[in-house]
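The values are calculated or read from the model by the stated rules, or taken from the named source; none is laboratory data. In this text, all values refer to a predicted model and were calculated from it rather than measured experimentally. Every residue, glycine as well, gets a Cβ built from its backbone with ideal geometry; the counts of neighbours run over all protein chains shown. These accessible areas exclude ligands, DNA and RNA; they are computed on the full protein's heavy atoms, side chains included. Shrake-Rupley method; radii C 1.70, N 1.55, O 1.52, S 1.80 Å.
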Amino acid sequence: MISVTMTTHNRADLLLQRSIPSMLRQTYANWEMLIRGDGAGRDTEFVIDSFNDPRITYKRLPRRLYGSPQEQWAVGSTDALNDALDAAKGDYLAHLDDDDELLPIHLETLMQLLRNGNFDFVWARAHRETDRGWVIFGEPPDVTQLQQRNLMVHCAVMYDRRKFGDLRYDTEGTEPADWRMWKKIAAAGARLGFSDQIVAVHYAETPYKQRPQLKFPHALANLIQERGGLSRVARTALQRGVTREGPRTLLRALRHLSGMLRPHSLGANAPTREWPSARPGDDTVKVNVGSGVQHRLGPGWKNLDILHGADIRADVRKGLPLDDASVDFIYSEHFVEHLSLEEGKVYFGECHRVLRRGGVVRTATIDLPYVLERYAQDWSDQTWVRDYDFETASEMLNATFSLWGHKFIYDEEALKRSLATGGFQVIERCHLGRSRHAELVNLETRPESRLILEGVKI
């Protein structure tokens, strides 16, 4: 068995979208994952539990305080990491940073290298994001060079716990703790192995750590991102550009945003009559409503939105441009709160009309009781607030209701009543990523999707 360690602090969205799914895609299945929350908030535990995999265990530890940014960079989370090592049961040890991902062949490749090559400590190459773009990083074993610089990324390493499992990461010092660990293992006489295979993707620091001084450009960039107009890298560039370069960059951003919001040309939303199948012989029709560009679903789904870039451009307030009883599944995430209560009832009525008998509408949105609970307790204990410079609970609460054009925030009772008004009689609350229907499993991408209901047309 391979024990994979991870430490995290309030990156629930990356756990949900990137790192943990990459573990579940591994071709080598005999592993355990030991996640330690370094003072992580409630969103982190919520997301990890949503995967419902017995191989994944989570433990929250107090947040360690650092004397300086340099100290945090060098030894950040080492206490939590050592706690995970203490609990490891596998024959081999590997690591995954909470913002990185492993390619499916990672564990299998390094395991075979360890066993077939009679090595104790191995690593491979990885895609690495830098300020100059993506590079392939990882160098063959050289003990002399290893003393001078790090030859690998943390998420591309595996070693024998039975021989070196007593070694721990240093919790003090100015050099990166992982590099010092590799030097310890090499000094203990480990036989070193290397593979040219690329087994991981190592991302640079996420944009929210490079916070601009101005609140407005940050909010503007997030708005455009929400509307599907910018990649993660482009959003960071916009934040920096507006802050440093001034009006010209801002004007370009506003022009781009206005282009995305330009009224569509569908008029009364004429029905769409032809649906190319994702696979020959598959006539299942699946529609993702309010997808934008950033939240499009994969092959087999038709992405519907009012913005440019959608497969079907339509304003759902005028009805769904679909024939009666023509759709099997309808999905939306963080969409229905952008409609008024009455518009939402009309929308669910349209969903009922276009669904076939036995068809399902799945709606994932913000949960009002949870928002109020955070307001009354630790309001900053949420993943999404890291992108904004809120100073009070009131700012957070008002943003939830109005910052992105939200019109109605639901609790379970209100959402069930809207679905029932639309004609649905069978309504069930679901956990994040889980469903009775295989087509609706693991669709959510946001930890804030705490209220999820499915309605079935009977």
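What to note about this one:
- Positions within segment 367-417 being of a type in the set (Val, Ile, Thr) and modelled with pLDDT of 90 or more, in sequence order: Val371, Thr392, Thr400, Ile409
- Test for Ser291: is it in a loop (DSSP other than H, G, I, E, B), open to solvent by less than 20 Å² (accessible area, probe 1.4 Å) and not acidic (Asp, Glu): yes
- From Asp283, Asp324, residue being charged (D, E, K, R), modelled with pLDDT under 90 and open to solvent by 30 Å² or more (accessible area, probe 1.4 Å): Asp283
- Residue count for segment 318-331 under the criterion of being under 23 Å from Ile452 (Cβ atoms) and outside any strand (DSSP E or B): the result is 1.
- Exactly one residue among Met181, Met158 is more than 26 Å from Ser68 (Cβ to Cβ), touching a Phe, Trp or Tyr at 6+ places or on another chain (Cβ under 8 Å) and not acidic (Asp, Glu), and that residue is Met158.
- Glu45 without any contact (Cβ under 8 Å) to a residue 60 or more places away in the chain, within 21 Å of the chain's Cα centre (by Cα) and open to solvent by 60 Å² or more (accessible area, probe 1.4 Å): yes
- Hey, Thr109 of a type in the set (Ser, Thr, Tyr) and modelled with pLDDT of 95 or more or not: yes
- Selected residue (criterion: modelled with the lowest pLDDT) from residues of segment 60-90 that are open to solvent by 60 Å² or more (accessible area, probe 1.4 Å) and not in a helix (DSSP H, G or I): Gly67
- Set Thr27, Thr7, Thr57: member being part of a strand (DSSP E or B), open to solvent by 30 Å² or more (accessible area, probe 1.4 Å) and not small (Gly, Ala, Ser): Thr57
- Helices (runs of 4 or more DSSP H) wholly inside segment 367-448 that include at least 1 residues being among the hydrophobic types (A, V, I, L, M, F, W, C), in contact (Cβ under 8 Å) with a residue 24 or more places away in the chain and under 19 Å from Gly349 (Cα atoms): 412-421
- As a summary of the residue check, Asn303 satisfies the conditions (1) closer than 21 Å to Val285 by Cα; (2) touching an Asp or Glu at 6+ places or on another chain (Cβ under 6 Å); (3) open to solvent by 10 Å² or more (accessible area, probe 1.4 Å) except for the one numbered (3).
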